[in-house]
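Notes follow once the structure below has been shown.
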C-alpha cells in the first residue's frame with residue numbers, strides 16, 4: 001500500500017473535528033474516512049458526510065461480518081471505521097485520515113504499524129470543560145460523562161507520535177498541516193513512491 005494513514009484522536013471538546021475540517025480544506029491530498037456510529041445525528045449533520053448513522057443491530061451485524069478495521073463503545077454509542085474502504089483507498093495511493101478515539105487507534109496500529117498518530121490536547125482541563133459547556137448541545141449528564149472519559153483519554157497521549165496543543169486554533173491548524181506534510185517525507189514512503197530517484201543497493 002502506498003497511501004499514508006493518519007490517525008487523529010482527542011478528548012471530546014478539544015477541537016479535533018474543527019482542526020480536521022481545516023486540514024481537509026487546505027490539503028486535498030487527504031481523504032477523511034467517514035465513521036459508522038449508533039449515536040443520534042446532531043443538528044446539521046448529514047448521513048454519509050458527518051457519519052454513517054445506523055442502528056445498534058446493523059452495527060453489530062457489520063462488525064461480526066468483519067467490515068470494520070476498528071470499533072469502540074464510547075459514551076454509550078458504537079463507533080467504527082470501514083476496513084474495506086480504507087484498504088481500497090490506500091492501495092490506490094490515497095492518503096487517508098481516521099478521526100477516532102484512542103481505543104480505535106490502538107486497534108488500527110496492530111494492522112497498520114506505520115500509521116501516523118496525532119493527538120489533539122486542550123490547553124487545560126478547565127478549558128476543555130468550558131468548551132463542552134459552551135456547545136449547548138449536551139445535557140449535564142452527558143457533559144459529566146465526557147469529562148470523566150476525558151481524564152482517561154488524555155492519559156493515553158504517549159501512544160501517539162505527535163501532540164498538538166489546541167490553545168490557538170490557527171497555530172494548531174498550522175501544526176497539524178505541517179505534521180501531515182512531514183510524515184509524507186519519511187524515507188521508506190518517498191522511496192516507495194519515487195523508486196526512480198534512488199540508486200540501487202550495492
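Quick check: pseudo-label points 7 Å beyond the Cα along Cα→Cβ at residue 170 and residue 75, how many nm apart are they?
Each label point is offset 7 Å from its Cα along the Cβ direction, giving 2.9 nm.
I'd like the antiparallel share, as a percent to the nearest 5, of DSSP beta bridges with both residues in the chain. Before the final figure, lay out the partial values.
Numbers: 8 of 26 bridges.
Bridges in the chain are about 30 percent antiparallel.
Provide the packing ranking of 154-164, 80-90, i.e. peptides ordered by the mean count of other C-beta atoms within 10 Å per residue, highest first.
Details: 154-164: 15.5, 80-90: 17.8.
Output ranking for 154-164, 80-90: 80-90, 154-164.
Taking only C-alpha pairs under 8 Å that are 6+ residues apart, what is the relative contact order of the range 5-185 in percent?
Values: 261 pairs, mean separation 59.1, N = 181.
Reported as a whole number, the value is 33 percent.
Run the paramagnetic zone check for residue 125: 7 angstrom along Cα to Cβ, then residues of the range 1-39 with backbone nitrogen under 15 Å.
11-12
Please list, in order, the residues from the range 45-73 whose amide nitrogen is less than 20 Å from a point placed 7 Å along the Cα→Cβ vector of residue 149.
45-61, 63, 68-73
Would you mind computing, in nm to one decimal, how far apart the modelled labels at residue 34 and residue 135 are, each placed 7 Å from Cα along Cα→Cβ?
2.1 nm
What percent do you get for the relative contact order of the range 1-80 when only Cα pairs under 8 Å and 6+ apart count? Walk me through the numbers on the way to the answer.
Values: 65 pairs, mean separation 19.1, N = 80.
Once normalised by length, the contact order is 24 percent.
Can you give the extra length, in nm with one decimal, that the chain gains between residue 163 and residue 21 once fully stretched, where that is 0.36 nm per residue apart less the Cα-Cα distance? Can you show the working numbers first?
Numbers: separation 142, 0.36 × 142 = 51.12 nm, distance 1.77 nm.
That works out to 49.3 nm of additional length.
Read the figures in this text as sums done on the coordinates, not as results from a lab. All of these numbers come straight from a predicted model, not from anything done at the bench. Counting neighbours? That spans all protein chains shown, and the Cβs are built from the backbone with ideal geometry, glycine included.
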